[in-house]
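Here's the structure, in structure tokens; my notes come after.
The values are calculated or read from the model by the stated rules, or taken from the named source; none is laboratory data. In this text the structure is predicted, and so the values were computed from the model without any measurement. Heads up, the Cβs are rebuilt from the backbone with ideal geometry, glycines too, and the neighbour counts pull from every protein chain shown. All accessible areas refer to the heavy atoms of the entire protein, side chains included, with ligands and DNA or RNA removed. Shrake-Rupley method; radii C 1.70, N 1.55, O 1.52, S 1.80 Å.
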Amino acid sequence: MLEDSIKYQLQGDDWLKRVGIGGLVVLLGIFVVPLFTFQGYMLEVMRRVLGGDTATPPEWDELDLVEATVDGLRYLLVVLPYTIGALLVAMIPAAIVAVLGVASGNEGLFFLAVLIGVLCYGATRRKPRPSGRG
């Protein structure tokens with residue numbers, strides 16, 4: 001499945017142009033708005049794949065960039081509360097252990113706090129469903 005997802009972006013004649021534009025949009029993400037545009041593009045990719053169109057990914061010039069940007073912003077507004085909730089759940093045990101580590105001067109406890117935070121965050125992430133393909 002991982003191999004398929006990597007090969008997917010390389011399909012089609014203009015794959016280098018498509019990947020280059022996507023990379024440029026991500027690099028321009030320091031201006032924030034291009035990140036919404038990139039997320040909107042990724043949503044369009046998901047829509048097409050879920051609809052059965054797995055031949056080639058959409059080209060950037062096929063998309064309405066304003067609509068893609070708005071879709072990316074909507075996606076962020078929907079996903080952000082869940083992400084914040086997952087981070088809070090992950091950070092509560094980590095914060096407790098971190099405070100204990102700092103108070104006792106034990107760097108090992110501080111490392112353990114980071115590890116707990118990472119493990120709790122991973123446990124709160126949605127698990128992918130099996131695709132049924134083998």
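Is it true that Leu73 is modelled with pLDDT of 85 or more, touching an Asp or Glu at 6+ places or on another chain (Cβ under 9 Å), surrounded by 11 or more Cβ atoms within 10 Å (Cβ to Cβ) and within 30 Å of Asp4 (Cβ to Cβ)?
Working: modelled with pLDDT of 85 or more: yes; touching an Asp or Glu at 6+ places or on another chain (Cβ under 9 Å): no; surrounded by 11 or more Cβ atoms within 10 Å (Cβ to Cβ): yes; within 30 Å of Asp4 (Cβ to Cβ): yes.
It is false that Leu73 is modelled with pLDDT of 85 or more, touching an Asp or Glu at 6+ places or on another chain (Cβ under 9 Å), surrounded by 11 or more Cβ atoms within 10 Å (Cβ to Cβ) and within 30 Å of Asp4 (Cβ to Cβ).
Please verify whether the range 55-63 includes one or more residues that are open to solvent by 80 Å² or more (accessible area, probe 1.4 Å) and of a type in the set (Ser, Thr, Tyr). First the steps, then the outcome.
Initial filter on the range 55-63 (open to solvent by 80 Å² or more (accessible area, probe 1.4 Å)): 61-62.
Retained after the next criterion (residues that are of a type in the set (Ser, Thr, Tyr)): none.
No.
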